[in-house]
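Engineer: This structure is in structure tokens; I'll ask about it shortly.
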Amino acid sequence: MTTRPVIRAARFVLAHVPDLVYAGSKPRRETAARGRDVRAQIRSRLRTFREAVAYAPHQVMIGNQAPEALWDLPRPWHLHSPAEAPCEGPAGAVVDQPTFYAWLARADTARLIRFDEAFAAEAGPLVRGADLATASPDALQSAVASGAEPIGDPDGRGIGVLLPGHAQDESLAARVLLENLATKATGALALRRLLDGVAGDEPVDFLLGCGEEAVGDRYQRGGGNLAKAIGELAGIRTAGGADVKAFCAGPVHALIIAGSLVASGLHRRVVVVAGGSLAKLGMKFLGHLASGYPILEDVLAGVAIDVAGDDGRSPIINLDAAAVHRVGDGGAPHQMAAVLTKAPLRARGLRLSDVDRFAVELHNPDITEPAGAGDVPQRNYKMIAALAAQAAEIDREGIPAFVRRHGLPGFSPTQGHIPSAIPYLPHAIAGLTTGRCRRVQLIAKGSLFLGRMTEMADGASFLLERNAG
Amino acid sequence: MVDLRNKLVLALGERDGIPGQALQACAESAGARVVYVATQCFV
């Protein structure tokens, strides 16, 4: 039996965790190099939960605003937030730090967290049913001296510590486990939110993880299958699971594979899931401090995307227009763009202009520009527009108009795999069902070369099309 | 115009811009010796 695969829904959860910014890779390295003053500087520019919720790009992530609304909002966007905004939206939610900590506690199946006694007493209602292991402040301090990782502000009152998983295994070091637990918790938050809102009575057959974490011990570092652990934490019993690894391109690869699993009839419902990246918190904090910005990288993002058989309504993953960047393809930006955007369209007799919106890496430029990394989506859109000009679809003067008509402003937190095209999915689904869109192309790229195993980059794309019923 | 002949070059590429290897090829074709090449990802 075969069917056309559709994407029924996508949900994002942003966990606002200002006290974990210090545990990000960059803040940690800068603190080691320059001392605790770094943490004091960060502390002075952390956002409140209310500020994080009201931040316009976050409102776009959870579906309360259209991405296009950001075109008209003066930047930097944090200066133009309303005083209040809802923390829930049709595409997800922003959750506060106590809620995240409660999920972190539930995620700790190995019982390696030792909670501060006072925190455990206060958090009681949030962690109903959980049997929390507690310790006194002195015992926590002594654990940190022996390799435990503080959870929360190391100079203030944290919630406790995470013990190493093994005394000599660096893959189970406490800081590695904290990253992985944070990913598991945020992935489960997103998955739970999806299933609470979409076809909760239909079993999930398979979970495809697509995050960038590395779960395993010293004999299988990065062994993976966090997907199943996320499913367990989210209370799912029917699904199997496995992970797809492809750096930031992972989610788009995973959606193509999920669509294929559904199209083949092997599974009826596959959920693509990923948690957030603790290592990337505060990644560009130096630029933010230098620009007088708040620390904008203070959220962990989780995502869950529902792929099922044709329901006659939801947009279709057109597997005939799926593309991957092959080993023999060139890696220059124009070559990547041609392989991932133009070629699969041409094969179906379509022009670039026939795509209503291209969803590329949607990094929020407010985060990247102060650190000198530029506006990533706009660079990608200019490249696609240049290909349209090269193909004589538009003239050179039409490039800015093409970018505005077919592109998007960036609005995603810089959480690695999260910004790669998928933040547009909730908006694309709306546009392709109740709106006027006909087709959206999702394009992701991955920096494989960072792992030192190859000089190659990677990429994948597919076309999401209106369902004619 | 910079004359790259006999110069030592550090080639730092960027994923969404010019890859390090392309910079290396250009610099070497202009007579430079590339002593370090890397491609970075800034997101």
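Engineer: How many residues are at negative phi and either in a loop (DSSP other than H, G, I, E, B) or touching a Cys at 6+ places or on another chain (Cβ under 9 Å) (or both) when one looks only at the range A:425-463?
Structural biologist: Within the range A:425-463, residues that are at negative phi and either in a loop (DSSP other than H, G, I, E, B) or touching a Cys at 6+ places or on another chain (Cβ under 9 Å) (or both) number 20.
Engineer: Name the residue, out of A:Asp201, A:Asp243, A:Asp196, that is in contact with a helix residue (DSSP H, G or I) (Cβ under 7 Å, 6 or more places away or on another chain) and acidic (Asp, Glu).
Structural biologist: None of the other options fit; the residue is A:Asp243.
Engineer: For the range B:1-30, enumerate the residues that are closer than 19 Å to A:Ser447 by Cβ, hydrophobic (A, V, I, L, M, F, W, C) and surrounded by 15 or more Cβ atoms within 10 Å (Cβ to Cβ).
Structural biologist: B:Ala11, B:Ile18, B:Ala22, B:Leu23
Engineer: Show the residue pairs that are 6+ apart or on different chains and have beta-carbon atoms under 9 Å apart, the first residue being within the range A:119-139 and outside the structural domain of A:Tyr101 (by TED's automatic domain parsing), the second being acidic (Asp, Glu) and surrounded by fewer than 18 Cβ atoms within 10 Å (Cβ to Cβ).
Structural biologist: A:Thr134/A:Glu117; A:Ala135/A:Glu117; A:Ser136/A:Glu117; A:Pro137/A:Glu117
Engineer: Filter the range B:10-43 down to the residues that are of a type in the set (Ser, Thr, Tyr) and farther than 30 Å from A:Gly410 by Cβ, then identify the one that is nearest to the other protein chains (Cβ to nearest Cβ).
Structural biologist: Filtering first and then ranking leaves B:Tyr36.
Engineer: Here's another thing I want to ask about it. Filter the range A:373-388 down to the residues that are within 8 Å of another protein chain (Cβ to nearest Cβ) and not small (Gly, Ala, Ser), then identify the one that is nearest to A:Phe285 (Cα to Cα).
Structural biologist: A:Val376
Engineer: Filter the range A:369-404 down to the residues that are under 30 Å from A:Gly292 (Cα atoms) and aromatic (Phe, Trp, Tyr) and list them by number.
Structural biologist: The one that is under 30 Å from A:Gly292 (Cα atoms) and aromatic (Phe, Trp, Tyr): A:Tyr381.
Engineer: May I pose another question? Filter the range A:145-172 for residues that are aliphatic (A, V, I, L, M), at pLDDT 95 or above and in contact with a strand residue (DSSP E or B) (Cβ under 8 Å, 6 or more places away or on another chain) and give the result.
Structural biologist: A:Ala148, A:Ile151, A:Val161, A:Leu162, A:Leu163 - these are the residues of the range A:145-172 that are aliphatic (A, V, I, L, M), at pLDDT 95 or above and in contact with a strand residue (DSSP E or B) (Cβ under 8 Å, 6 or more places away or on another chain).
Engineer: Suppose the filter is crowded, with 17+ Cβ neighbours inside 10 Å and in contact (Cβ under 8 Å) with a residue 12 or more places away in the chain; does B:Arg33 pass it?
Structural biologist: Against the criterion (crowded, with 17+ Cβ neighbours inside 10 Å and in contact (Cβ under 8 Å) with a residue 12 or more places away in the chain), B:Arg33 does not qualify.
Engineer: Return the only residue of A:Ile394, A:Ile384 being in a loop (DSSP other than H, G, I, E, B) and aliphatic (A, V, I, L, M).
Structural biologist: The match here is A:Ile394.
Engineer: Another question, then. Tell me the residue from A:Thr48, A:Thr2, A:Thr31 that is hydroxyl-bearing (Ser, Thr, Tyr), modelled with pLDDT under 95 and surrounded by fewer than 21 Cβ atoms within 10 Å (Cβ to Cβ), please.
Structural biologist: From the options A:Thr48, A:Thr2, A:Thr31, the qualifying one is A:Thr2.
Engineer: Another question about this same structure. Between A:Arg404, A:Arg379, A:Arg438, which is under 26 Å from the mean Cα position of the chain (by Cα), at pLDDT below 95, surrounded by fewer than 23 Cβ atoms within 10 Å (Cβ to Cβ) and outside the structural domain of A:Gly292 (by TED's automatic domain parsing)?
Structural biologist: Checking each option against the conditions leaves just A:Arg379.
Engineer: Out of all the residues in the range A:110-123, is one or more buried (at least 24 other Cβ atoms within 10 Å of the Cβ) and outside any strand (DSSP E or B)?
Structural biologist: Taking every residue of the range A:110-123 in turn, none turns out to be buried (at least 24 other Cβ atoms within 10 Å of the Cβ) and outside any strand (DSSP E or B).
Engineer: Shifting gears a bit: For the range A:349-372, how many residues meet the condition of being within 12 Å of another protein chain (Cβ to nearest Cβ), surrounded by fewer than 16 Cβ atoms within 10 Å (Cβ to Cβ) and not small (Gly, Ala, Ser)?
Structural biologist: Within the range A:349-372, residues that are within 12 Å of another protein chain (Cβ to nearest Cβ), surrounded by fewer than 16 Cβ atoms within 10 Å (Cβ to Cβ) and not small (Gly, Ala, Ser) number 0.
The values are calculated or read from the model by the stated rules, or taken from the named source; none is laboratory data. Computed from a predicted model, the values in this text were never measured in an experiment. Cβ coordinates were reconstructed from backbone atoms using ideal geometry, including for glycine residues, and neighbour counts include every protein chain displayed.
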